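Novice: Sharing a structure, written as C-alpha cells. Questions coming.
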Amino acid sequence: MPKNENTMKTLTMAEQADRHVLYEKAVQSPESDIEFFTETYEKLRGKKALIMREDFCGTALLSVEWCKTDPERRAIGVDLDKPTLDWGRKNNIQVAGSDIEQRVQLVHGNVLDDPKDKADLTCAMNFSYCCFKTREQLRSYFENVRRGLKDDGIFVLDILGGTETMDILEEERDVDDEDFVYIWDQDKFDPITHDMICYIHFEFPDKSRIERAFTYEWRLWMIPELRELLEEAGFSKVRVYWEEFVDDEDDEDEMEGTGVYHDVTEAEQQESWVNYIVAER
Ligand SMILES: C[S@@+](CC[C@H](N)C(=O)[O-])C[C@H]1O[C@@H](n2cnc3c(N)ncnc32)[C@H](O)[C@@H]1O
C-alpha cells in the first residue's frame with residue numbers, strides 16, 4: 001500500500017487517485033462525440049471536417065482523439081485553466097507522440113477572445129457554455145464561435161435536459177471496468193433564474209471519497225432559448241439531434257439509448273436526456 005512519505009500513513013484510494021483521470025473515464029466519451037461530428041459534418045457539407053476547435057477543452061482529450069482519427073486533422077483547444085491545460089499536455093498530448101503533439105494547439109485563454117484560426121467545426125461539450133448566465137453573454141459567445149468558423153463551418157454543443165434536471169438529486173453510477181463510483185449531485189436549482197449548482201464526487205471500494213472533485217455553477221438553458229440565441233448570433237440553421245431509445249433487454253420497464261442521433265423537430269420528454277444541437281454558420 002502506498003504511504004504518505006511525511007507521515008508514513010497509508011494512503012486511501014481517494015488520496016492516490018487523480019481527479020482528471022477519473023473525470024475522463026466517467027464523463028467523457030470522445031469516440032462517440034467524434035463519430036457524431038464526423039458523420040454530421042459529412043452529411044451536411046459532403047466532405048471531411050479537418051480543423052476542430054474544442055472550446056472549454058479542459059484536458060483536451062477530445063482534441064487528441066480527433067487528431068488520432070485522421071492524419072490530416074488538427075485541433076485547437078481553448079481553456080481558461082492553465083493547470084488543467086498543463087495536465088492535458090503532459091498526460092494526453094505528449095503521450096500520444098510527436099505527430100499528434102504537432103497537430104494539437106492549446107490556447108490558454110477565454111472562449112470570448114478573438115479566435116485566430118478558422119475551424120471547420122467548433123464544439124462546446126459537457127454543457128460548459130452554461131457558465132454564461134445571461135442572454136447577452138451567451139449570445140456574444142455564440143457570435144464569437146461564428147467568427148471563428150469557416151464560411152461552411154458548423155458548431156456542435158450538447159445539452160442536458162429532462163424532467164429530472166430541475167430536481168435536487170444525487171445519482172450514482174458504476175463506471176465500466178473501473179473500481180470507483182461516479183456521483184452526479186444536483187445540489188441547487190432556482191426555478192426563477194434557472195441557476196443550478198452541481199458537483200461531481202467519486203467514491204472508492206475502501207469507502208474513501210473525493211468530495212466535490214468538480215463544481216459547476218450553471219444556468220440551465222432550454223432548447224428554444226439556445227436556438228433563438230444561435231439564430232440571433234447569425235447562425236443560418238439550427239438543428240436538434242435527438243438520441244434514439246429502445247426497450248432495455250435486461251429490464252422491460254426501462255429504455256436505453258442507442259448512441260444514434262436523428263435530426264428531429266419533435267421529441268418525447270424523458271426524465272433525463274443529453275442531446276446535440278448543431279448550428280450551421
Ligand atoms: C465542464 S469542463 C469541460 C471539459 C471538457 N470540455 C469536457 O467535455 O468534459 C469546463 C471547462 O471550461 C473551462 N472554462 C470555463 N469558462 C471558460 C471560458 N470563459 N473560457 C475558456 N474556458 C473556460 C474550465 O476551465 C473547465 O476546464
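Novice: Heavy atoms only, probe 1.4 angstrom, no DNA, RNA or ligands counted: give me HIS108, HIS262, HIS194 ranked by accessible area, highest first.
Specialist: These residues rank, largest area first, as HIS108, HIS262, HIS194.
Novice: Please arrange TRP87, TRP218 by accessible surface area, largest first, computed with a 1.4 Å probe and ligands excluded.
Specialist: The ranking, largest first, comes out as TRP87, TRP218.
Novice: What is the set of long-range amide H partners of GLY109 at a cut-off below 5 Å, with H atoms built 1.01 Å from backbone N?
Specialist: ASP79, LEU80
Novice: Okay, next question. Taking a 1.4 Å probe, which of SER32, SER236 shows the most accessible area, and what order do the others take after it?
Specialist: SER236, SER32
Novice: For a label point 7 angstrom out from the Cα of ASP18 toward its Cβ, which stretches of the range 203-230 have the backbone nitrogen within less than 17 Å?
Specialist: Residues passing the 17 Å test: 214.
Novice: How large is the accessible surface of VAL264 in square angstrom, using a 1.4 angstrom probe and rounding to the nearest 10?
Specialist: Accessible area of VAL264: about 40 Å².
Novice: Then there's this: If you count only protein heavy atoms and use a 1.4 Å probe, how large is the accessible surface of LYS188, to the nearest 10 Å²?
Specialist: 110 Å²
Novice: Sequence-distant or interchain residues sharing an amide H contact under 5 Å with LEU149, placed H: which?
Specialist: Amide H neighbours of LEU149: ALA119.
Novice: In whole Hz and in residue order, list the ³J(HN,Hα) couplings for the range 78-93 that follow from phi through the Karplus curve 6.51 cos²θ - 1.76 cosθ + 1.60, θ = phi - 60°; x for Gly and Pro.
Specialist: Couplings: 10, 7, 7, 9, 5, x, 5, 4, 4, 4, x, 4, 6, 8, 10, 7 Hz.
Novice: With the cut-off at 25 Å, tell me which of the pairs LYS48/LYS118; LYS25/LYS47; LYS48/LYS237; LYS47/LYS116; LYS43/LYS68; LYS90/LYS133 have Cα atoms farther apart than that.
Specialist: Going by Cα-Cα distance, LYS25/LYS47; LYS90/LYS133 fall outside the 25 Å limit.
Novice: Determine the gain in length on full extension of the stretch THR10-VAL27; use 0.36 nm per residue of separation and subtract their C-alpha separation, reporting nm with one decimal.
Specialist: 3.2 nm
Novice: Further question on the same structure: Relative to the Cα centre, what is the charge dipole magnitude of the chain, using +1 at the beta carbon of each Lys and Arg, -1 at the beta carbon of each Asp and Glu, and rounding to the nearest 20 debye?
Specialist: The dipole magnitude comes to about 2180 debye.
Novice: In addition: What is the projected area of the convex hull of the Cα atoms of the range 163-218, averaged over all directions, in nm²?
Specialist: 4.2 nm²
Novice: Over the range 177-270, with every protein chain in place, what whole percent of the accessible area is carbon and sulfur at 1.4 Å, could you tell me?
Specialist: For the range 177-270, the apolar C and S fraction of the accessible surface comes to 44 percent.
Novice: If amide hydrogens are placed 1.01 Å from N in the peptide plane, which non-local residues have theirs closer than 5 Å to the one on PHE214?
Specialist: Amide H to amide H, under 5 Å and 5 or more residues apart or across chains, PHE214 pairs with ILE200.
Novice: Something else now. On the full set of protein chains, 1.4 Å probe, figure out the accessible area of VAL181 and give it in Å² to the nearest 10.
Specialist: Approximately 30 Å² for this residue.
Novice: Label ALA267 and ASP187 with points 7 Å out from Cα along Cα→Cβ: what is the distance between them in nm?
Specialist: Each label point lies 7 Å from its Cα, and together they span 2.8 nm.
Novice: Ok, one more. What does the accessible area per residue of the chain come to in Å², with a 1.4 Å probe and no ligands, DNA or RNA counted?
Specialist: 53 Å²
Novice: With a 1.4 Å probe and all protein chains left in place, how much of the accessible area of the range 34-86 comes from carbon and sulfur atoms, in whole percent?
Specialist: Roughly 52 percent of what the probe reaches on the range 34-86 is carbon or sulfur.
Novice: I need the phi-derived Karplus couplings for the range 10-24: 6.51 cos²θ - 1.76 cosθ + 1.60, θ = phi - 60°, integer Hz, Gly and Pro marked x.
Specialist: Each residue of the range 10-24 in turn: 5, 7, 6, 4, 5, 5, 8, 7, 10, 5, 5, 4, 4, 4, 4 Hz.
Novice: Take the alpha-carbon centre of the range 220-281, take the same for the range 46-90, and report the distance between them in whole Å.
Specialist: If you average the Cα positions of each part, the centres end up 24 Å apart.
Novice: Rounded to the nearest 0.05, what FRET efficiency is calculated for GLU101 and LYS133 with R0 set to 41 Å and r the Cβ-Cβ distance?
Specialist: 0.70
Novice: Give me the number: length gained by fully extending VAL175 to ASP195, i.e. 0.36 nm times residue separation minus the C-alpha to C-alpha distance, one decimal in nm.
Specialist: Net length gain for the segment: 4.4 nm.
Novice: From the square roots a ≥ b ≥ c of the eigenvalues of the alpha-carbon gyration tensor of the range 80-228, which class results: rounded (a/c under 1.5), prolate (a/b over b/c), or oblate?
Specialist: oblate
Novice: Rounded if a/c is under 1.5, else prolate if a/b beats b/c, else oblate: with a ≥ b ≥ c from the C-alpha gyration tensor eigenvalues square-rooted, which is the chain?
Specialist: Oblate is the answer for the chain, as a/c is 1.5 or above yet b/c matches or exceeds a/b.
The values are calculated or read from the model by the stated rules, or taken from the named source; none is laboratory data. Remember, it's a predicted structure, so these values are computed and weren't measured experimentally. Every residue, glycine among them, receives a Cβ derived from its backbone with ideal geometry; neighbour counts consider all protein chains shown. To get the accessible areas, we keep the full protein, side chains included, count just its heavy atoms, and leave off ligands, DNA and RNA. Shrake-Rupley method; radii C 1.70, N 1.55, O 1.52, S 1.80 Å.
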